[in-house]
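*Asks:* First the structure, which I've put down as structure tokens, then a few questions once you've had a look.
The values are calculated or read from the model by the stated rules, or taken from the named source; none is laboratory data. The model shown is predicted, which means the values in this text are computed figures rather than measured ones. As a convention, Cβ positions derive from the backbone with ideal geometry for all residues, glycine included, and neighbour counts pool all protein chains shown. Heavy atoms of the whole protein, side chains included, go into the accessibility calculation; ligands, DNA and RNA do not. Shrake-Rupley method; radii C 1.70, N 1.55, O 1.52, S 1.80 Å.
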Amino acid sequence: MDNQSKNEKDSQLEDYRVEHKNTKLTTNQGVRVNDTDNSLKTGERGPTLMEDFHFREKMTHFDHERIPERVVHARGFGVHGEFQVYKPLTKWTKAKFLQDPSVKTPVFVRFSTVVGSRGSADTVRDVRGFATKFYTEDGNYDLVANNIPIFFIQDAIKFPDVVHAIKPEPDNEIPQATAAHDTFWDFVVNHTETAHMIMWLMSDRAIPRSFRMMEGFGVNTFRFINEEGKGHFVKFHWKPKLGVHSLVWDEAQKIAGKDPDFHRRDIWDAINNGDFPEFELGVQVIEEEQEFNFDFDILDPTKFWPEEQVPVQLVGKMTLNRNQNNFFAETEQAAFHPGNVVPGIDFSNDPLLQGRLFSYQDTQLLRLGGPNFHEIPINRPTAPVHNNQRDGFHQMSIDKGKVSYSANSLRQNAPEPATDAENGYVHYQEKVEGYKIRQRSSSFNDHYRQATLFWNSMSAAEKQHIIDAFHFEVGKVKDKQIRQRVVDMFNHVDGGLAAQIAQGVGANPPSQPGGTGITASSPAVSQENTIKEARTRKVAMLLEGGFSFEPLMQALTSLQGAGLQVELISHQLGMVTSEEGQQLEAMKSYTTAGSVMYDALVIPGGQQCLNNLSMHKDTFTFLNDTFKHAKPIGAFDEGADLLMSSDVQGTLIADPESTNQVFSDLGVVTVRKADDFTAFTNEFIQAIGQHRHWMRQTG
Ligand code: HDD
């Protein structure tokens with residue numbers, strides 16, 4: 001594609017790409033095949049012959065086409081891009097890709113859900129994975145992140161437990177891709193360390209509008225190491241240039257049916273349209289001497305470092321600018337590992353991170369069938385690889401010579417370990433001593449204070465969404481005792497929250513006073529305070545015969561000029577004629593599209609169009625759902641009259657200065673013939689940038 005850039009990784013991948021244009025069909029042995037539609041038989045109606053090598057090969061390959069899906073993060077989608085640092089980070093790290101602002105480091109990013117299997121829907125309530133492989137000159141560096149800054153558990157040994165609890169229940173494999181069932185909430189009430197993560201999981205963060213509109217967090221505490229060997233604790237962030245935005249739960253559920261590929265389609269289309277998603281890399285850095293200056297343990301993965309206390313410094317930008325060629329070869333075979341680090345980046349003793357360092361390599365050995373998966377094109381570093389590792393399933397290199405050991409004299413000890421000066425990786429020399437004990441540090445004992453901090457930081461609408469999510473999730477739990485225990489557990493976070501959870505799930509309100517006494521908030525975690533951008537949003541324009549052409553075209557041009565994607569939708573596909581006789585094509589119909597697939601709605605003018613729109617029940621479903629989901633609606637001329645017969649009508653107010661109907665300022669924008677059309681489109685685009693107009697739901 002024209003808009004897709006070439007970089008070192010792309011050039012490397014080019015060697016493996018195959019196109020089958022103008023070619024003859026062959027077997028995998030390169031033998032030309034003369035018929036692939038009929039197997040070789042004894043007589044026209046006789047049995048198939050064993051000697052049919054083409055049949056045998058074709059069928060065997062097909063029979064073996066599947067590999068195990070990832071045990072978590074099975075459903076994902078990968079895209080290529082580049083990363084550039086803004087200025088040298090020499091004072092903290094010697095990592096080469098973080099020094100020179102002119103260097104573009106190729107990246108491959110895989111976004112994912114955690115719980116569902118490979119074919120599950122994109123818009124389920126779940127954590128999203130955000131794994132980035134940087135192909136640096138020092139070798140591959142993987143930042144294996146999520147869109148929530150903390151985790152369920154404090155020690156990796158609990159990972160199989162939490163995953164078993166959240167996955168479908170083992171007797172009947174129900175339910176798919178959701179935490180809304182007994183075993184998960186049973187786990188929660190038996191592990192109060194999950195409280196903070198559950199607050200995030202019940203929040204809007206768990207139903208993102210787009211992979212392009214979510215943050216990424218490395219979660220675990222890592223270390224930067226500079227040339228002098230000095231360490232700094234660091235947490236990594238990705239900040240989306242489009243801001244952090246979410247769906248509404250009802251919308252998310254409907255999209256799961258209408259378009260289960262919603263998120264992957266969104267990013268695929270955006271990149272093909274040239275709307276390259278951009279994320280800034282942020283770091284929070286803590287001096288080693290300040291390790292104990294906080295009221296939480298900086299190694300505890302159930303805690304975040306509030307940005308107000310430890311600012312996020314933006315140090316570089318990633319641009320995702322190329323779609324993959326082949327889903328299986330690239331997304332499915334990509335292997336990420338938080339243990340893939342380069343000189344200048346090291347680990348902390350965070351007990352969750354320590355366990356992750358074992359798990360990823362281990363799971364990939366099974367999933368990708370042996371120890372040579374680093375040779376699969378998507379996983380190959382662009383840095384040269386030299387060592388004495390040999391053989392194994394699917395070995396792709398032809399290592400020459402007799403020597404496969406070190407130290408050796410026969411090849412002058414090549415490949416030789418690199419010195420410090422040659423950038424050989426030196427593990428950070430941290431002094432550690434202690435007894436071998438299976439014990440959690442008492443500094444990890446507080447399970448509730450940051451959960452309260454998060455709750456305090458939410459806007460009224462965000463709080464309501466959290467309560468609604470608890471009602472849905474816990475409402476699906478059959479065991480009444482567990483439901484009661486959820487109420488009692490979250491009473492430790494906030495008494496009001498617990499009382500409201502209780503109301504919706506048939507449990508008793510908490511009997512004890514609630515809360516942690518924390519009154520502080522962290523405004524940075526509220527999506528209310530995020531970047532508001534209309535660019536790249538999708539707008540639905542309803543279209544029926546007799547629409548008035550000029551204003552529609554004017555609106556279309558303004559919206560497209562502001563970088564929005566507009567789709568024309570009618571009751572059926574095909575050409576639609578305006579009142580003046582011009583024709584436009586409806587590319588979507590009420591059957592193939594739904595309001596949940598768009599960020600905003602436009603209703604054009606024209607008396608005949610209005611009459612035609614009013615004839616279809618689906619028009620009102622579209623309009624009312626858009627309104628219910630708090631999305632902006634723009635209507636002009638006669639189109640505005642349609643709002644009078646919809647749910648929008650309730651927001652009508654009297655305007656003493658005008659004879660027009662005026663809708664209160666809730667993201668419903670109308671314009672009449674005499675009014676200023678440019679002012680209308682500007683206001684409408686601004687309303688789209690606001691994303692959702694929650695006042696409709698809470699006001
Ligand atoms: Fe993990 C996959 C992120 C905790 C074990 N994890 C996986 C992926 C992401 C994360 C984004 C998908 C990678 C891809 O796209 O292929 N995981 C996280 C984060 C965690 C976390 C941010 C919290 C800090 N994970 C975690 C723990 C363990 C694992 C505590 C086990 C000790 N994760 C795995 C895994 C997976 C994985 C089983 C499954 C597939 C894979 O690795 O390649 O090893």
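*Asks:* If you stretched the chain out fully between LEU573 and TYR435, how much longer would it get, using 0.36 nm times the residue separation minus the C-alpha to C-alpha distance?
*Replies:* Numbers: separation 138, 0.36 × 138 = 49.68 nm, distance 7.21 nm.
Length difference between fully extended and current span is 42.5 nm.
*Asks:* Relative contact order for the range 190-327: what is it in percent, counting Cα pairs under 8 Å that are at least 6 residues apart?
*Replies:* Once divided by the residue count of the range 190-327, the mean separation gives 27 percent.
*Asks:* Still on this structure, please answer the following. With a 1.4 Å probe and all protein chains left in place, how much of the accessible area of the range 532-698 comes from carbon and sulfur atoms, in whole percent? Please report the intermediate quantities before stating the final value.
*Replies:* On the way: 3500 of 7030 Å².
The C+S portion of the solvent-accessible surface of the range 532-698 is 50 percent.
*Asks:* Also, quick follow-up: Of the listed pairs LYS91/LYS303; LYS104/LYS538; LYS254/LYS463; LYS104/LYS431; LYS133/LYS167, which have alpha-carbon separations greater than 29 Å here? List each step's numbers first, then the result.
*Replies:* Numbers: LYS91/LYS303 26 Å; LYS104/LYS538 31 Å; LYS254/LYS463 22 Å; LYS104/LYS431 36 Å; LYS133/LYS167 27 Å.
Violating the 29 Å Cα-Cα cut-off are LYS104/LYS538; LYS104/LYS431.
*Asks:* Please list, in chain and number order, the residues 5+ apart from VAL668 or on another chain whose amide H is under 5 Å from its amide H, with Hs placed from the backbone.
*Replies:* Close amide H contacts, sequence-distant or interchain: ILE633.
*Asks:* What is the distance in Å between the Cα centres of the range 379-403 and the range 113-167?
*Replies:* Centre-to-centre (Cα) distance: 29 Å.
*Asks:* Continuing with this model, one more query. Gap in Å between the Cα centre of the range 525-597 and the Cα centre of the range 607-653?
*Replies:* Cα centres, the range 607-653 to the range 525-597: 14 Å.
*Asks:* Which FRET efficiency, nearest 0.05, do ASN34 and ILE157 yield, Cβ-Cβ r, R0 56 Å?
*Replies:* Numbers: r = 59 Å, r/R0 = 1.05.
Given R0 = 56 Å and the Cβ-Cβ separation, E is 0.45.
*Asks:* Right, something else. Provide the FRET efficiency to the nearest 0.05 for the ASN172-THR591 pair, computing r from the beta carbons and using R0 = 41 Å.
*Replies:* Details: r = 33 Å, r/R0 = 0.82.
According to the calculation, E is roughly 0.75.
*Asks:* Can you tell me, using C-alpha contacts under 8 Å and at least 6 residues apart, the relative contact order of the chain as a whole percent? Spell out each step's value before the answer.
*Replies:* On the way: 1333 pairs, mean separation 81.9, N = 699.
Reported relative contact order: 12 percent.
*Asks:* Expressed as cubic angstrom per residue, what is the convex hull volume of the alpha carbon set of the chain? All intermediate terms of the calculation are to be shown ahead of the outcome.
*Replies:* Working: hull volume 159.9 nm³, N = 699.
It is 229 Å³ per residue.
*Asks:* Still on this structure, I have one more. Identify all lysines with a Cα-Cα distance to LYS41 below 25 Å; exclude those on the same chain that are fewer than 8 residues away in sequence.
*Replies:* LYS24, LYS58
*Asks:* Just tell me which aspartates and glutamates come within less than 12 Å, Cα to Cα, of LYS317; anything on the same chain fewer than 8 places away is out.
*Replies:* Straight-line reach from LYS317, under 12 Å: GLU82, GLU278, GLU280.
*Asks:* Would you please give the residues with an amide H less than 5 Å from that of ALA145, counting only those at least 5 places away or on a separate chain, with H modeled from the backbone geometry?
*Replies:* PHE130, ALA131, THR132
*Asks:* If you don't mind, another one. If you take every residue apart from MET615 with its C-beta less than 15 Å away from the C-beta of MET615, what net charge results, scoring Lys and Arg +1 and Asp and Glu -1?
*Replies:* Overall, the nearby charge balance is -3.
*Asks:* Can you work out the Karplus-derived ³J(HN,Hα) for every residue in the range 497-514? Use 6.51 cos²θ - 1.76 cosθ + 1.60 with θ = phi - 60°, whole Hz, and x for glycine or proline.
*Replies:* 4, 4, 4, 6, 4, 3, 4, x, 10, x, 10, 7, x, x, 8, 9, x, x
*Asks:* Which whole-number percent is the relative contact order of the range 338-400 (Cα, under 8 Å, 6+ apart)? Before the final figure, lay out the partial values.
*Replies:* Working: 26 pairs, mean separation 16.8, N = 63.
Computed over the range 338-400, the figure is 27 percent.
*Asks:* Treating the beta-carbon of each Lys and Arg as +1 and of each Asp and Glu as -1, no other charges, what is the dipole magnitude of the chain about its Cα centre, to the nearest 20 debye? Before the final figure, lay out the partial values.
*Replies:* Numbers: 70 positive and 93 negative charges, 264 e Å.
It works out to roughly 1280 debye.
*Asks:* For the chain, build the charge dipole from Cβ charges (+1 Lys, Arg; -1 Asp, Glu) around the Cα centre, then report which of THR331, ALA121, TRP185 sits farthest towards its positive end.
*Replies:* It is THR331.
*Asks:* Also, I was wondering about something else. Straight-line reach from LYS230: which aspartates and glutamates have Cα under 12 Å away, leaving out those fewer than 8 places along the same chain?
*Replies:* GLU287, GLU288, GLU289, ASP346, GLU430
*Asks:* Let me ask you something else. Calculated from DSSP H runs of 4 or more alone, at -39500 (n - 2.57) each and per residue, what is the 222 nm mean residue ellipticity of the chain, nearest 500? Let's see the in-between values first.
*Replies:* Working: 18 runs with 183 residues, N = 699.
Result for the chain, helices only: -7500 deg cm²/dmol.
*Asks:* Would you kindly find the accessible area of PHE159, with a 1.4 Å probe and non-protein molecules such as ligands, DNA and RNA excluded, rounding to the nearest 10 Å²?
*Replies:* 70
*Asks:* With all protein chains present, how much of the accessible area of the range 230-334 (probe radius 1.4 Å) comes from carbon and sulfur, to the nearest whole percent?
*Replies:* On the way: 1740 of 3590 Å².
Roughly 48 percent, rounded to a whole number.
*Asks:* Any idea how far apart GLN313 and THR42 come out in nm if each label point goes 7 Å out from Cα toward Cβ?
*Replies:* The two pseudo-label positions are separated by 8.0 nm.
*Asks:* What number comes out for the charge environment of LEU366, summing +1 per Lys or Arg and -1 per Asp or Glu over other residues with Cβ under 15 Å away?
*Replies:* Details: positive: ARG66, ARG70, ARG367; negative: GLU69, GLU332, ASP362.
That works out to 0.
*Asks:* Would you mind counting up the charge near GLU550? Only other residues with Cβ under 11 Å from its Cβ, with Lys and Arg at +1 and Asp and Glu at -1. Walk me through the numbers before you get to the answer.
*Replies:* Values: positive: LYS673; negative: GLU579, GLU580, ASP637.
After counting each charged neighbour, the total is -2.
*Asks:* Considering only C-alpha atoms, what is the centroid distance from the range 330-355 to the range 277-303, in Å?
*Replies:* If we compute the Cα centre of each part, the gap is 17 Å.
*Asks:* Determine the per residue accessible area of the range 41-375 with all protein chains present and a 1.4 angstrom probe, expressed in square angstrom.
*Replies:* The answer is 36 Å² per residue.
*Asks:* Please sort 463-475, 624-636, 316-328 by packing, taking for each peptide the average over its residues of neighbouring beta carbons within 10 angstrom, highest first.
*Replies:* Numbers: 463-475: 19.7, 624-636: 23.5, 316-328: 18.0.
For the peptides 463-475, 624-636, 316-328, the packing ranking is 624-636, 463-475, 316-328.
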